[in-house]
Amino acid sequence: MAPAGLSLGAAILCLLAWAGLAAGDRVYVHPFHLLVYSKSNCDQLEKPSVETPPDPTFTPVPIQTKSSAVDEEALWEQLVRATEKLEAEDRLRASEVGLLLNFMGFHMYKTLSETWSVASGAVFSPVALFSTLTSFYVGALDPTASRLQAFLGVPGEGQGCTSRLDGHKVLSSLQTIQGLLVAQGGASSQARLLLSTVVGLFTAPGLHLKQPFVQSLSSFAPITLPRSLDLSTDPNLAAEKINRFMQSVTGWNMGRALTAVSPDSTLLFNAYVHFQGKMKGFSLLPGLKEFWVDNTTSVSVPMLSGTGIFHFWSDSQNNLSVTRVPLSANTYLLLIQPHHTPDLRKVEALTFQHNFLTRMKNLSPRAIHLTMPQLTLKASYDLQDLLAQAKLPTLLGAEANLGKISDANLRVGKVLNSVLFELKADGEQAPESVPQPAGPEALEVTLNSPFLLAVLERSSGALHFLGRVSRPLSAE
């Protein structure tokens with residue numbers, strides 16, 4: 001835990017120093033000044049005025065109420081439109097959020113990965129994690145809001161209104177970050193990326209939610225589904241109903257994302273993310289190929305193959321290789337392979353940390369013939385468990401002040417992030433009788449043993465996914 005905390009502190013100190021140099025003798029500039037309330041906003045907030053009316057509330061409809069299916073094409077178009085008229089300040093704000101979510105992502109990935117077995121494969125979304133915590137920040141009052149702001153990485157306690165994080169700006173920037181990922185390449189691109197986020201808010205019957213809070217979630221999750229059901233009588237049945245509901249609405253095979261709920265819960269916050277990437281110029285190889293889980297165990301899986309000019313780096317000192325493959329004009333897939341399979345955890349600990357993007361500058365272009373598994377990765381994790389492991393078990397506990405979500409005394413149960421990550425070829429299956437030529441100078445890179453991956457959007461610098469591939473799923 002210490003290294004991640006020190007890294008975040010170092011980043012903040014660097015930004016403070018940068019702000020001081022830039023400001024000279026001018027007034028203090030907050031290191032994340034684009035994400036906090038402006039002085040004019042603060043003047044308006046602090047101005048004595050007529051008492052504002054209470055936020056309107058509503059009661060979520062029962063979970064059995066018929067719901068429309070998620071239209072992922074419409075979600076894609078909505079994200080693309082959100083990036084069409086970005087100002088320079090919007091992009092700078094997205095970069096600030098990208099910096100924050102990367103630091104938190106590495107820290108929480110380390111915490112989460114320690115619970116995975118070596119043989120398991122998993123995927124983690126720093127964007128979904130940061131979005132979820134920001135959503136709770138938007139719904140919180142002090143002291144919970146101040147604690148969440150500190151955990152999000154923005155210093156502000158005791159520094160006045162102009163150091164207070166503006167959660168709506170952050171959520172808007174998270175929408176920008178998602179839009180930048182899918183917008184690169186345009187509608188005519190053969191290798192279009194798909195990213196869809198859906199939030200389920202599941203409440204005990206009769207609980208009232210505040211409309212402004214639910215509406216604020218639309219920035220990063222255009223589809224938010226508030227639903228009520230009995231969470232206390234049979235927690236296992238409640239979990240089964242939620243899983244069936246989300247499966248019917250999204251059509252995504254997440255498995256049993258939710259296993260049980262706490263019987264004293266009155267609110268569950270579940271974020272579901274579906275990513276689908278197609279690798280341009282790659283083809284699906286005929287038949288199934290061997291993937292070595294360890295030195296003695298192999299599984300038969302579908303494999304992709306393609307040749308191109310990719311960026312590559314072999315680090316002989318740390319026994320790892322990195323291949324960077326473009327997924328679109330501005331999005332990269334980073335593939336990290338240990339030279340020896342037993343070193344996977346060591347390479348993971350070395351690679352996924354704060355200087356990750358700096359180390360990636362060592363890559364250089366060269367002709368490569370790459371063979372790798374077709375990927376379908378699924379993962380679900382409870383942020384309450386992660387907060388407990390980070391020694392913050394009460395942050396969203398019974399004493400949390402979430403007065404902007406509901407006037408009721410909320411008891412937050414599981415806070416689930418579920419990810420379905422798919423990576424396929426954009427071309428047809430390669431002919432069985434005609435092997436793909438690698439070319440006389442092309443380097444052969446074959447990922448047929450455990451490796452790591454990351455998806456990076458270059459404009460914001462945000463890492464959308466971090467993952468470990470230890471046992472790819474067989475053909476379904």
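The values are calculated or read from the model by the stated rules, or taken from the named source; none is laboratory data. Remember, it's a predicted structure, so these values are computed and weren't measured experimentally. Every residue, glycine among them, receives a Cβ derived from its backbone with ideal geometry; neighbour counts consider all protein chains shown. All accessible areas refer to the heavy atoms of the entire protein, side chains included, with ligands and DNA or RNA removed. Shrake-Rupley method; radii C 1.70, N 1.55, O 1.52, S 1.80 Å.
Among the candidates Glu96, Glu89, which residue alone is surrounded by fewer than 13 Cβ atoms within 10 Å (Cβ to Cβ), touching a residue at least 24 places away in the same chain (Cβ under 8 Å) and under 26 Å from Leu34 (Cβ atoms)?
Being surrounded by fewer than 13 Cβ atoms within 10 Å (Cβ to Cβ), touching a residue at least 24 places away in the same chain (Cβ under 8 Å) and under 26 Å from Leu34 (Cβ atoms) holds for just one of Glu96, Glu89, which is Glu89.
Output yes when any residue across segment 108-125 is within 23 Å of Gln175 (Cα to Cα) and either open to solvent by 70 Å² or more (accessible area, probe 1.4 Å) or among the aliphatic types (A, V, I, L, M) (or both), and no when none is.
yes
Quick check: is even one residue across segment 234-243 in a loop (DSSP other than H, G, I, E, B), surrounded by 18 or more Cβ atoms within 10 Å (Cβ to Cβ), touching a residue at least 60 places away in the same chain (Cβ under 8 Å) and in the same structural domain as Pro205 (by the TED database)?
Taking every residue of segment 234-243 in turn, none turns out to be in a loop (DSSP other than H, G, I, E, B), surrounded by 18 or more Cβ atoms within 10 Å (Cβ to Cβ), touching a residue at least 60 places away in the same chain (Cβ under 8 Å) and in the same structural domain as Pro205 (by the TED database).
Can you confirm whether segment 185-203 contains a residue that is part of a helix (DSSP H, G or I) and either among the β-branched types (Val, Ile, Thr) or under 30 Å from Glu84 (Cβ atoms) (or both)?
There is no residue in segment 185-203 that is part of a helix (DSSP H, G or I) and either among the β-branched types (Val, Ile, Thr) or under 30 Å from Glu84 (Cβ atoms) (or both).
Give the residues of segment 279-293 that are open to solvent by less than 30 Å² (accessible area, probe 1.4 Å), assigned to a strand (DSSP E or B) and either more than 17 Å from Glu422 (Cα to Cα) or of a type in the set (S, T, N, Q) (or both), sorted by residue number.
Passing the criteria: Ser283, Phe291.
Do you know which of the residues in segment 367-416 that are small (Gly, Ala, Ser) and assigned to a loop (DSSP other than H, G, I, E, B) is surrounded by the most Cβ atoms within 10 Å (Cβ to Cβ)?
Only one residue tops the list, namely Ala400.
Output the residue which, of all residues in segment 245-271 that are of a type in the set (Val, Ile, Thr) and over 23 Å from Thr134 (Cα atoms), is nearest to the chain's Cα centre (by Cα).
Thr250
Assuming Val61 fulfils every condition listed in (1) surrounded by fewer than 21 Cβ atoms within 10 Å (Cβ to Cβ); (2) hydrophobic (A, V, I, L, M, F, W, C); (3) within 28 Å of the chain's Cα centre (by Cα) apart from one, which condition is it?
Unmet for Val61, out of (1) surrounded by fewer than 21 Cβ atoms within 10 Å (Cβ to Cβ); (2) hydrophobic (A, V, I, L, M, F, W, C); (3) within 28 Å of the chain's Cα centre (by Cα): (3).
In segment 360-403, which residue that is out of contact with any strand residue (DSSP E or B) (no Cβ under 8 Å at 6 or more places or on another chain) and charged (D, E, K, R) is nearest to Leu268 (Cα to Cα)?
Asp385
Looking only at segment 369-420, filter to residues that are closer than 30 Å to Gly281 by Cα and hydroxyl-bearing (Ser, Thr, Tyr); which one of those is nearest to the chain's Cα centre (by Cα)?
Ser418
From Thr296, Thr307, grab the single residue that is farther than 30 Å from Thr83 by Cα, in the same structural domain as Arg366 (by the TED database) and in a strand (DSSP E or B).
Selected residue: Thr307, the only one of Thr296, Thr307 that is farther than 30 Å from Thr83 by Cα, in the same structural domain as Arg366 (by the TED database) and in a strand (DSSP E or B).
So, in segment 245-259, how many residues would count as being open to solvent by 30 Å² or more (accessible area, probe 1.4 Å) and touching a residue at least 24 places away in the same chain (Cβ under 8 Å)?
4
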